[in-house]
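Since the structure comes first, as structure tokens, the remarks are kept for the end.
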Amino acid sequence: MGSPSDGVGHSAKVPGLFATTHWSVVLAAGQEASPQSAEALEQLCRAYWYPLYAYVRRRGYNPEDAEDLAQEFFARFLAGNYLVRVDRERAKFRSYLLGALNHFLADAWDHAHRLKRGGGQANQPFDVRSGESRFTLEPVAELTPDRLFDRGWALTVLDQVISRLRQEYEQSGKSRLFDKLSAFLPGDAEADSYGELARELGMTEGTVRVAVHRLRRRYGELFSAEVAHTVSSPAEIHDEMRYLLGAVSS
């Protein structure tokens, strides 16, 4: 897998463009909601709801309660109830969202609050009911819920990156090339692997190496750009990328 230094997206480098990333738009709006901030927050929640559902399950809630709690939490979060507590200087969407969820769960526990099935606000741009089918496929791990949350978040970020990268290749009519080259993303390939792929694709080995290099570089750029949507300043991007890569390998 390319390291964070392999490619930093242009939008992450330029301060003026960074102001348009999702979390930065939300932070800039503060308590004064706008269509732009609401859309940005909705896009973030649509992409990253699953790690929070899995976290609730790992805290001991059954699937039905986890679904209801997640629905209610996101309904409140999207309504802006929690954003007044954001520390704009240090906020990452990942850590802030988990803190807000823990506060919500503590509140629900303290008041013995139990949602009735279907009683929460369910007008979310995603369906948490699909979360349990994904959760049951996850391997059993000995990590704490917090560590597993970070790992799940990191995997979701990388899934977003791969999805965007695949879409770019598909739009260029290079779906088959992407399918073949994507096997080289997790790490360095052996030299004979390049030769074997070159023969399969009817290309020279040198051309394949260049194509893999370009794929990894673009992967790094998209990774950087995706992380930029979840931090509050460009200075945090590289550290967050390194942290997420470490979370995946833990």
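The ranking of Trp23, Trp153 by Cβ neighbour count inside 10 Å, starting from the fewest, reads Trp23, Trp153. The ranking of Phe149, Phe223 by Cβ neighbour count inside 10 Å, starting from the fewest, reads Phe149, Phe223.
Placing dummy labels 7 Å off each Cα toward the beta-carbon, the span from Ala75 to Asn62 is 2.1 nm.
Readers should treat all values here as calculations from the given coordinates under stated rules, not as data from a laboratory. Worth saying up front: this structure is predicted, and the values here are computed from it rather than measured. We place every Cβ from the backbone using ideal geometry, glycine too, and count neighbours over all the protein chains shown.
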